[in-house]
Each structure stands twice: as structure tokens, then as C-alpha cells.
Amino acid sequence: METYVLFLMVAVAIGGVAWVFVYPILSGERKAEQRMASVARTEPAVARPTRVAQKTRRDQVEGTLKELEERQKKARRVPLSVKLTQAGLDWSKRRFMVASGVLGFVAFLLSMLLGIGLLPGLAFAFAAGCGFPLWLLKFLKKRREAKFLNNFPDAVDVIVRGIKAGLPLLDSLKLIAAESEEPIRSEIRGIIETQTVGIPLGEACLRLYERMPVAEANFFGIVVSIQQRAGGNLSETLGNLSRVLRDRKKMKAKIQAMSMEAKASAAIIGSLPLVVMGLVYFSSPAYIELLWTEPLGRLMMAGCGTWMAIGIFVMRKMINFDF
């Protein structure tokens, strides 16, 4: 009896296994399930080209950004002619070098006439012929950049309104070049002149950063270049850029307002030794004349001047914020 029961249990087990694994293959249910699964995983015919287009656009944007990064790394050394252009001067390199040499020679003659000495005269001539012209270029460049950043968001808004009204990008740029203030007018005119010689408009906008090395000009060039290569809604993109530029302008003004107290404190601390020195000289000249009549006094003045310069540089570094 036990043998029959065992045989029945084994037969039922074999039949169950065959029902689970063999019957779906013989009856075609496995193929039907696979077909239904494949149909369920199949994407719509419209979604596939869209995903491919999005991937292509992403690849184009990434390639453009990589090209821009490589170009900026190569253009870190700025030649003198570009510095003159960034400062808003139409001078040639030769004219600038001649003017610097004449200024240094005049400074040397003045030092000789005043009887300062040969080595101090050479140092004064070097500072007047090399240091002062480069400092003046840097000052003019910063002042021109400040004017550009003050009016650039309005210029971008004009471009956005022109594009929404149906004007091409080039016509909107011509409108800005005709009615905007300097230096926006000359920089946009440079873009138009560069485009008229056969260079694409996106490439011409990218060259704006070479003449105006600020982050806002770089943003504008990148946006226009990517739109020219990959397409997209330029008015919406430039509208977002305009909001970013205005937010950066507000942030810069806020930083300047918050750092004014530290700048005033630094100015007072830096000028206090000179003011005290002048007051002591007017009250008792014989007491303080030892600082420049005795060798030890001159050494002490040199050391104090060095430490004061270090302190001023440190304070300047602490209160100047870059963002």
C-alpha cells in the first residue's frame, strides 16, 4: 500500500513540474507572454526621435562648452594691443611704448634736478615709465568694464524685446549699436563688423569676451553660440540671462555696501601713521628729523614702510570680494 501511495505522489510531482514548465511551451503561452512583454516595453514612435534629438542637443552643448574652456585657457596671456583695446584707447603699441619711455625719461630728469641720486632716480624713472602706464591701463579698463556692466542688462532686454517682436538677432544688435551709450555701442558694433567679414554670429559674440573680459560678456557669447549651433528659444534664454545679470548687479551693489565700513576703517588705519607723523613734524621738527637724518632712523622708516605696505595689501585683499 505504501508503495502505491509513493508512486502516486511521484507521478503527481512529475505532472506538476511538466504542467509548469512544459505545457506553456507546447501550448504557445510562453510566446504570447513574451510578445505582450515586448509590446509593453516598446516606446512610442514619436518619443524615440525626441530622445535622440535631446541627446544630440546635449552633445552639441557639451562640445561647445569644452571648446570655450580650451579657448579661454589658451588666451590667458593678454597682449599689449588687446589691453589697449580693453582700456578703450585707440593707441598703437608703438605709440604707447614711446609715451611710456618719454614719461620715464622726464621722471629721471626731474629726479636728477632735485638731487635725489642716481639709484633712486632710476627707480623713480622705472616706476613712471613702466608701472604708472600699466596701472593707468588697468584703471581705464576697470572703469570701462563698470560702465559696460551698468548698461549691459538693458541692452539684453532690448534684444529680447526685438526678438519677440519678430526681428532677427542681427537687426536687434544693430539697433543697440545705433542707440546705446558707450562702451555698449562700440562693443556691439565690433560684433556686427566681425560678422560682416564672414565670421558666424555666434563666433562674433564669443569674441566679445576678448575685448570685454567680464563674466557677463562671456555668458552672452556662450548663450548665443549654443543657440546658433543647437537651436532653441533664444528670447527665453536671453530673458533668463537678463535676470541673472540683474541679480549679479544687485549682488555686487550689496557687497560694496557691506564692505564700505571695512574700507573706511582700512583707510583710517592706513593714513593714521602719516597724519601723526605730519602733526609731530609741525609741532617739534627736531624730534622727528632723526628718522631721515640718521642711518638708524632711515632703516626704521624703511622697515615701517614695508610693514605698512604689507598691512595695506592684506586689508585690501580682505575687503575686495570676487564673485
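Tabulated values for the structure
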quantity: For segment 237-323, size of Cβ-based charge dipole, Lys and Arg +1, Asp and Glu -1, in debye; calculated: 860 debye
quantity: Residues Met308, Met212, Met318, sorted so that the one with the fewest Cβ neighbours within 10 Å comes first; calculated: Met318, Met308, Met212
quantity: Segment 250-323: Cα Rg divided by the 2.2 N^0.38 Å rule of thumb; calculated: 1.50
quantity: Efficiency of FRET between Asp90 and Ala286 - r from beta-carbon atoms, R0 56 angstrom, step 0.05; calculated: 0.55
quantity: Rounded, prolate or oblate (a/c below 1.5 giving rounded, otherwise prolate when a/b exceeds b/c) for segment 146-280 by Cα gyration tensor; calculated: prolate
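Read the figures in this text as sums done on the coordinates, not as results from a lab. These figures come from a predicted structure and were not determined experimentally. A quick note on method: Cβ atoms are made from the backbone with ideal geometry, for glycine too, and the neighbour counts reach across all protein chains shown.
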